[in-house]
Amino acid sequence: MFQQLESKIVSLSEAQVLCNNWKSNALKVVFTNGCFDILHSGHLQYLSEASQLGNKLVVGLNADISVKMLKGEARPINNETARAQMLAALFFVDLVVIFSEETPKNLIEALTPNILVKGGDYTIDTIVGADHVLKNGGQVLPLSFVQGFSSTNIINKIKSE
């Protein structure tokens, strides 16, 4: 089973080839990104909704070093390999690409998805890579935000018990 999952976890160059092939075959590529440290139902709802906007869903996953930059030294809880495998196990995720930078700007510019999405706590002007996607004829969409779910809240709840 893990071999099937590993085939969805690809390098940037592999993702570029696949995305270019999909787009040349008139398939819409949707891109989103995040840490996905502790996968919860808010993530699942969000990723499922994102996948329905196109034909292929590519998830940019913050590498461990990137998560530390964003969330602090105590994070991530799950390492990048485990987080990538969990995302790859979802039937509606087609590719997972791990990136080490603080933002997915370079990844988005390399892949140029048809549709770029983030959670509803973002606005188009705060979504990294929005300008590139829009300039290339794509769409940028904030999706609905699922209240009450956050990896940070889950961690804090565990710590308090």
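The values are calculated or read from the model by the stated rules, or taken from the named source; none is laboratory data. Only a predicted model underlies this, so the values are computations on that prediction, with no experimental measurement involved. Here the Cβ positions follow ideal geometry from the backbone for every residue, glycine too, while neighbour counts run over all protein chains shown.
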Worksheet entry | Residue, surrounded by the fewest Cβ atoms within 10 Å (Cβ to Cβ), within region 93-127, restricted to residues that are in contact (Cβ under 8 Å) with a residue 60 or more places away in the chain and assigned to a loop (DSSP other than H, G, I, E, B) | 119
Practice prompt. With respect to residue 57, determine if the residue is touching a residue at least 24 places away in the same chain (Cβ under 8 Å), closer than 19 Å to residue 11 by Cβ, out of contact with any Gly (no Cβ under 8 Å at 6 or more places or on another chain) and surrounded by 14 or more Cβ atoms within 10 Å (Cβ to Cβ).
Written response: yes
Item to complete: Those residues that are crowded, with 18+ Cβ neighbours inside 10 Å and either at pLDDT 95 or above or of a type in the set (Asp, Glu) (or both), I need them from region 139-161; list them, please.
Response: 140
Item to complete: Tell me, please, whether a residue that is surrounded by fewer than 18 Cβ atoms within 10 Å (Cβ to Cβ), over 22 Å from residue 120 (Cα atoms) and hydrophobic (A, V, I, L, M, F, W, C) can be found in region 25-36.
Response: yes
Discussion item. It is to be established whether one or more residues within region 69-84 are closer than 22 Å to residue 29 by Cβ, buried (at least 20 other Cβ atoms within 10 Å of the Cβ) and out of contact with any Asp or Glu (no Cβ under 8 Å at 6 or more places or on another chain).
Written reply: yes
Fill in: Selection status of residue 65, more than 20 Å from residue 6 (Cβ to Cβ) and either in a loop (DSSP other than H, G, I, E, B) or among the basic types (Lys, Arg) (or both)
no
Response to the item:
Taking region 29-54 and keeping only residues that are in contact (Cβ under 8 Å) with a residue 60 or more places away in the chain, part of a helix (DSSP H, G or I) and more than 12 Å from residue 83 (Cβ to Cβ), one is left with 41, 42, 45, 46, 49, 50
Worksheet entry | Residue that is surrounded by the fewest Cβ atoms within 10 Å (Cβ to Cβ) [pool: residues in region 128-138 that are of a type in the set (A, V, I, L, M, F, W, C) and over 15 Å from residue 19 (Cα atoms)] | 134
Item to complete: Read through the list (1) over 23 Å from residue 143 (Cα atoms); (2) hydrophobic (A, V, I, L, M, F, W, C); (3) in contact with a helix residue (DSSP H, G or I) (Cβ under 8 Å, 6 or more places away or on another chain), then give the number of the only condition that residue 69 fails.
Response: (3)
Worksheet entry | Cβ pairs under 9 Å, 6+ apart, first in region 17-28 and on the phi > 0 side of the Ramachandran plot, second not in a helix (DSSP H, G or I) | 26/55
Practice prompt. Return yes or no: is residue 68 free of Cβ contacts under 8 Å to residues at least 24 places away in the same chain and over 20 Å from residue 119 (Cβ atoms)?
Written response: yes
